[in-house]
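Asks: Below is one structure. I have some questions about it.
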Amino acid sequence: MNPNPQGPQLEENKVTTPKISLRNVTKTYSGVDQPAVKDLDLDIASGEILVLVGPSGCGKSTTLRLINRMIEPSSGEIIFDGENVTNSDPNELRRRMGYVIQQVGLFPHRTIAENIAVVPKSLKWPKDRIRARVDELLELTGMDPNVYRDRYPKELSGGQAQRVGVARALGAEPDVLLMDEPFGAIDPITRFNLQNEFLRLQSELKKTIVFVTHDIDEAVKMGDRIAILRDQSEIAQLDTPEAILTNPADAFVVDFLGSGAVLKTLTLRRLRDIQLVHPPEITEQTGRADAAAQLRQSDFPYAVLLDDTRRPIAWVDQKNLDSSDSLDSNSRRIPVKLQPEDTLQEALSVMLQTSAGMSAVVDGSGQYLGTCTIQSLAELLTDQPVDGASL
Amino acid sequence: MSTTNVVDNPETLPARRNQSVSQLDLIVIPVFFVLLAILLTVVWIYSDFDGTTTSILEPDRLWTQAQEQITVALWSTVLVIVLAIPLGILVTREGAPRLKNNLVTVLGLGQALPAYGLLVLFFVAFGQGTLTVVLALAAFALLPVLRNTIVGLEQVDKSVIEAGKGMGLNGFQRLRKIELPLAVPVIMGGIRTATIINVGMATLAYLIGGGGLGITIAAGLKLNRPVTILVGALLVALIALAFDFIGGLAQRYLRPKGLS
């Protein structure tokens, strides 16, 4: 993190000032020697989802709650939209930031509509505007306003309650959402759906979101950037999910990512990110002997058979070439053609299906570009994490 | 999908129990009221009234005594509400001195005193009269309302208050919009208890010149007229049931919608 936002290093990033900044923020609870958050500097860019993730007790929730001053910092400054809000009216500040908590905390004695209207009502919006906004938000979060508007929270399932929780947080159109393990208490299937819907929502809304979770998978899925925190909210690494997974800063991060980190990388990286290899290319017109010679000279067990328009048809090995059968009738046809936009995880599953350990990559018009092999994935997966751990 | 109830809070259970009890009350109380009223009518019609009994049970006199009983019970209940609820709110505020438990203990001791003794103490301090009775009864019935106010406010799901705070509601708004409405069922339970205590204890008001149906009962005891004792006691019971019924109605209709 660069303390000087005008610094040349940030040119490729947004040059705009961060939406929220924590400057040297420390929180020490009375009667406790160790601060819960110590000298934290954190910039949150406008429109990004920044995920705070770390083991329990690392201070990630405290950090989140320092932003809307649910917890008052012992020292340091909180800057919001370029304005120092460390000593401003906390209630006014909170009305400008949506806040979603794990337990949702809907008012049980208020209808869904009344729950969503809390902040707009505090801000004295006219009744018509509130009503329209409530319906809009219910639609947005996938709840039929005519069904749910006048219901009470006890009639909702956990997943529905958190939808309303998100709708309520968005009530008065805040630029910022603070989410404290919002999907933590929801069953895995519903959580998966809510995460996807939330990402879809965010792609339209472009809010600035600070998202706390203890689940690294959720962090990788939700975050534009991830801050991995250790004790006292010290930032162990702050970067994009991809960068963290492929290049963890130290042993703590490696430990925290766990053994699954390598596989998670596959979901983040795309075929266009890796170097494709080029086994011998043959067509029906290539002479068998010629093809066999090409194959022997290469390091590859298979050659790729292309048709007249350079579309890949099948993998061909020495045995196919020796036999007299037609080359495109062998068992290693290429039914699935990957494109550079596909993830490495998809590439891996295709390789496992076709038994050739290779997958052909084509461009938009179906023309052959190159091949991804299981070896190239293995290199990618084994090399970098090892490097990172040895740092 | 309702298996994952995010806001499930076992502490809300007492409130739920209160609710079902109060609904049953609204049927049971009138039934008892009618039964006792029939009993009273039967006693009144079929007993032999001698001169003394007739003079004790003179309807005008009974009416006055009943009014005194109701007045004393009503005002002491009002006083209890006015004192105990704000006190309960005060001691449950964030950062309030930790005197909550001490307060409940002290008032608990007060309630352990015989009601008679308490009346005498107040008599010594404030002299004769209705006001003294009202004060003494209020002191005696303070505890249930205070305790239920504290319990009622503390059983409110913390995450709901947290969410309110996170939406920029200040302390007073959280109290008014979240905590008090959600505590109403429990607080009302305490008020009903206090009311019954007050109606019953008002029977002792005659001891220090507060009037009430205690006069009739005491006269019956002294002059050995069981019928007057029975009539006095039945009238007290009818007043108590009427008060409790009103309390039950209030508990039902003041209860916020949306609570299970």
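Asks: At 7 Å along the Cα-to-beta-carbon direction for both B:Val106 and A:Asp299, put a label point, then send me their distance in nm to one decimal.
Replies: Placing both labels 7 Å beyond Cα along the Cβ direction yields 8.7 nm.
Asks: Shifting gears a bit: Please state, to two decimals, what the Cα-based radius of gyration of segment A:240-295 comes to when divided by 2.2 N^0.38 Å (N = residues). Could you put the intermediate results ahead of the total?
Replies: Numbers: Rg = 19.8 Å, N = 56, 2.2 N^0.38 = 10.2 Å.
So segment A:240-295 has a normalised radius of gyration of 1.95.
Asks: Another one. Convert 4 °C to kelvin, take the viscosity as 1.567 mPa s, use the Kirkwood radius over C-alpha pairs of segment A:273-379 as Rh, and evaluate the Stokes-Einstein diffusion coefficient in µm²/s, rounded to a whole number.
Replies: On the way: Rh = 13.9 Å.
Answer, rounded: 93 µm²/s.
Asks: I've got another one for you. Given the Cα atoms of segment B:14-163, and with Rh set as the inverse mean 1/r over their pairs in the Kirkwood sense, what is Rg to Rh to two decimals? Intermediate values should be presented prior to the final figure.
Replies: Details: Rg = 20.9 Å, Rh = 19.1 Å.
Rg/Rh for segment B:14-163 comes to 1.09.
Asks: Could you order peptides B:72-81, B:165-174, A:68-77, A:140-149 by the average number of other Cβ atoms within 10 Å of their residues, highest first? If you can, show how the numbers build up before the last one.
Replies: Values: B:72-81: 22.4, B:165-174: 19.2, A:68-77: 17.6, A:140-149: 15.7.
Order by mean packing, descending: B:72-81, B:165-174, A:68-77, A:140-149.
Asks: For chain A, set up a GNM with springs between Cα atoms under 10 Å and report which of A:Asp342, A:Asp325, A:Asp250 has the largest fluctuation.
Replies: Comparing A:Asp342, A:Asp325, A:Asp250 in a Gaussian network model of chain A, the most mobile one is A:Asp325.
Asks: What fraction of the Cα pairs in chain B, stated in percent, has a spacing above 29 angstrom? Don't skip to the end; give the middle numbers.
Replies: Details: 14002 of 33670 pairs.
Value for chain B: 42 percent of Cα pairs lie more than 29 Å apart.
Asks: Most fluctuating residue of A:Val220, A:Val253, A:Val32 in a GNM of chain A with Cα springs under 10 Å: which is it?
Replies: Ranking A:Val220, A:Val253, A:Val32 by mean-square fluctuation puts A:Val32 first.
Asks: Using the Cα centre of segment A:273-379 as origin and beta-carbon charges of +1 (Lys, Arg) and -1 (Asp, Glu), tell me which of A:Ile282, A:Ala292, A:Val361 is placed farthest towards the positive end of the dipole.
Replies: With unit charges placed on the Cβ atoms, the residue in question is A:Ala292.
Asks: If you don't mind, there's one more thing I want to ask. Based on Cβ point charges of +1 for Lys and Arg and -1 for Asp and Glu, what charge dipole magnitude is obtained for the protein assembly as shown about its Cα centre, in debye rounded to the nearest 20?
Replies: On the way: 60 positive and 70 negative charges, 615 e Å.
For the protein assembly as shown, the charge dipole is close to 2960 debye.
Asks: Thinking of segment A:206-252 as a set of Cα atoms, what percent of all their pairs are more than 11 Å apart?
Replies: On the way: 733 of 1081 pairs.
Above the 11 Å cut-off, segment A:206-252 has 68 percent of its Cα pairs.
Asks: Also: Of the options A:Pro153, B:Leu131, B:Phe243, report the single residue whose Cα projects farthest towards the positive end of the charge dipole of the protein assembly as shown (beta-carbon charges: Lys, Arg +1; Asp, Glu -1).
Replies: Checked the options; the winner is B:Leu131.
Asks: By average Cβ neighbour count within 10 Å, what is the ranking of B:220-231, B:103-114 from highest down?
Replies: On the way: B:220-231: 16.6, B:103-114: 12.9.
Ranking, from highest mean packing down: B:220-231, B:103-114.
Asks: At q = 0.07, 0.08, 0.11 Å⁻¹, what is the log10 ratio I(q)/I(0) for segment A:8-262, with the Debye formula run over Cα points and no solvent?
Replies: The calculated log intensity ratios at q = 0.07, 0.08, 0.11 Å⁻¹ are -0.24, -0.32, -0.61.
Asks: Then there is this: Show me the three semi-axes of the equivalent ellipsoid for segment A:167-277, from the C-alpha gyration tensor (sqrt of 5 times each eigenvalue), largest first, rounded to whole Å.
Replies: Working: eigenvalues 130, 66, 40 Å².
Working through the eigenvalues yields semi-axes of 26, 18, 14 Å.
Asks: Between A:Leu52 and residues 5 or more places away or on another chain, which pairs have amide H atoms under 5 Å apart, with H built 1.01 Å from N, and which residues are they?
Replies: A:Phe211, A:Val212, A:Thr213, A:Ala227
Asks: Relative to the longest principal axis of chain B, what angle (0 to 90°, nearest 10) does the C-alpha long axis of helix B:100-112 take?
Replies: Rounded to the nearest ten degrees, it is 10.
Asks: May I pose another question? Need one word for segment A:58-100: rounded, prolate or oblate. Basis is the Cα gyration tensor (sqrt eigenvalues a ≥ b ≥ c); a/c below 1.5 gives rounded, then a/b vs b/c decides.
Replies: Numbers: a/c = 1.76, a/b = 1.19, b/c = 1.48.
Oblate, since a/c reaches 1.5 and b/c is not below a/b.
Asks: Hey, what's the Cα Rg ratio for the protein assembly as shown versus the globular rule of thumb, 2.2 N^0.38 Å? Before the final figure, lay out the partial values.
Replies: Numbers: Rg = 37.8 Å, N = 651, 2.2 N^0.38 = 25.8 Å.
It is 1.47.
Asks: Among the listed pairs A:Lys38/A:Lys60; A:Lys27/A:Lys221; A:Lys27/A:Lys60; A:Lys27/B:Lys158; A:Lys121/B:Lys177; A:Lys60/A:Lys207, which are separated by more than 18 Å between their Cα atoms? Present the calculation step by step, with values, prior to reporting the outcome.
Replies: Details: A:Lys38/A:Lys60 12 Å; A:Lys27/A:Lys221 29 Å; A:Lys27/A:Lys60 12 Å; A:Lys27/B:Lys158 22 Å; A:Lys121/B:Lys177 12 Å; A:Lys60/A:Lys207 20 Å.
In this structure, A:Lys27/A:Lys221; A:Lys27/B:Lys158; A:Lys60/A:Lys207 lie more than 18 Å apart at Cα.
Asks: With label points built 7 Å along Cα→Cβ from the Cα atoms of A:Asp33 and B:Ala242, find their separation and express it in nm.
Replies: 6.9 nm
Asks: For A:Glu72 and B:Ala125, FRET efficiency with R0 = 56 Å and r from the beta-carbon atoms, rounded to 0.05?
Replies: On the way: r = 47 Å, r/R0 = 0.84.
Efficiency computed from Cβ-Cβ geometry: 0.75.
Asks: Can I ask one more? If you line up the long axis of helix A:188-205 against the longest principal axis of chain A, both from Cα atoms, how many degrees apart are they, to the nearest 10?
Replies: For helix A:188-205, the angle is close to 80 degrees.
Asks: For chain B, what is the mean residue ellipticity at 222 nm derived from helices alone (per DSSP H run of n ≥ 4: -39500 (n - 2.57); sum divided by total residues; nearest 500 deg cm²/dmol)?
Replies: So the helix-based figure for chain B works out to -25500 deg cm²/dmol.
Asks: Under a crude label model (7 Å from the Cα following the beta-carbon direction), how far is A:Asp308 from B:Val31 in nanometres?
Replies: If labels sit at A:Asp308 and B:Val31, their model points lie 9.5 nm apart.
Asks: A further question follows. With r as the distance between the Cβ atoms of B:Thr54 and B:Leu83 and R0 = 41 Å, compute the FRET efficiency 1/(1 + (r/R0)^6) and round to 0.05. Show your work: numbers first, answer last.
Replies: Numbers: r = 42 Å, r/R0 = 1.03.
The pair B:Leu83/B:Thr54 has a calculated efficiency of 0.45.
Asks: Ranking request for peptides A:368-378, A:239-249: highest mean number of other beta-carbon atoms within 10 Å first, then the rest in descending order.
Replies: Numbers: A:368-378: 18.2, A:239-249: 20.2.
Put in order of decreasing packing, that is A:239-249, A:368-378.
Asks: For chain A, what is the calculated [θ] at 222 nm in deg cm²/dmol (nearest 500), taking -39500 (n - 2.57) for each run of four or more DSSP H residues and dividing by its residue count? Walk me through the intermediate numbers first.
Replies: Working: 16 runs with 142 residues, N = 391.
Rounded to the nearest 500, the figure is -10000 deg cm²/dmol.
Asks: In the neighborhood of A:Val316, defined by Cβ-to-Cβ distances under 15 Å, what is the net charge if each Lys or Arg adds +1 and each Asp or Glu adds -1? Numbers along the way, then the final one.
Replies: On the way: positive: A:Arg288, A:Arg296, A:Arg311, A:Lys319, A:Arg332, A:Arg333; negative: A:Glu281, A:Glu284, A:Asp290, A:Asp307, A:Asp317, A:Asp322, A:Asp325, A:Asp328.
Around A:Val316, the surrounding residues sum to -2.
Asks: Over chain A, what relative contact order in percent results from Cα pairs under 8 Å that are six or more residues apart? Walk me through the numbers before you get to the answer.
Replies: On the way: 691 pairs, mean separation 59.0, N = 391.
Once divided by the residue count of chain A, the mean separation gives 15 percent.
Asks: Let me check the size of segment B:163-260 from its C-alpha atoms; what are the radius of gyration and Dmax in Å?
Replies: Rg and Dmax of segment B:163-260, Cα atoms, are 20.5, 69 Å.
Asks: Read phi for every residue in segment B:33-41 and hand back ³J(HN,Hα) as whole Hz from Karplus 6.51 cos²θ - 1.76 cosθ + 1.60, θ = phi - 60°, with x for Gly and Pro.
Replies: Those phi angles translate into 4, 5, 4, 5, 5, 4, 4, 4, 4 Hz.
Asks: Any idea what Rg and Dmax come out to for segment A:268-307 if you just take the C-alpha atoms, in Å?
Replies: For segment A:268-307, the Cα-based Rg and Dmax read 12.8, 42 Å.
Asks: As a footprinting exposure proxy, order B:Tyr116, A:Tyr302, B:Tyr46 by other Cβ within 10 Å, with the fewest listed first.
Replies: Final ranking by Cβ density, sparse to dense: B:Tyr46, B:Tyr116, A:Tyr302.
Asks: Between the helical axis of B:115-126 and the dominant principal axis of chain B, each derived from Cα atoms, what acute angle in degrees is found, rounded to the nearest 10?
Replies: Value to nearest ten degrees: 90.
Asks: Counting only other chains, and only Cβ atoms inside 10 Å, what mean value do you get across the residues of A:148-154? All intermediate terms of the calculation are to be shown ahead of the outcome.
Replies: Details: counts 0, 0, 0, 1, 5, 4, 6.
Averaged over the peptide's residues, the number is 2.
Asks: Shape verdict for segment A:87-132, please, from the Cα gyration tensor: rounded (a/c under 1.5), prolate (a/b greater than b/c) or oblate. The partial results should precede the final answer.
Replies: Working: a/c = 2.44, a/b = 1.12, b/c = 2.18.
It is oblate, given that a/c is not under 1.5 and a/b is not larger than b/c.
Asks: Moving on. Averaged across A:110-122, how many Cβ atoms of other chains sit within 10 Å of each residue's Cβ atom?
Replies: Numbers: counts 7, 2, 1, 0, 2, 3, 0, 0, 8, 4, 0, 2, 5.
Per residue, the average neighbour count from other chains is 3.
Every number in this text was worked out from the coordinates using simple rules, so none of it is lab data. Given the structure is predicted, the values throughout are model-derived calculations rather than measurements. Counting neighbours? That spans all protein chains shown, and the Cβs are built from the backbone with ideal geometry, glycine included.
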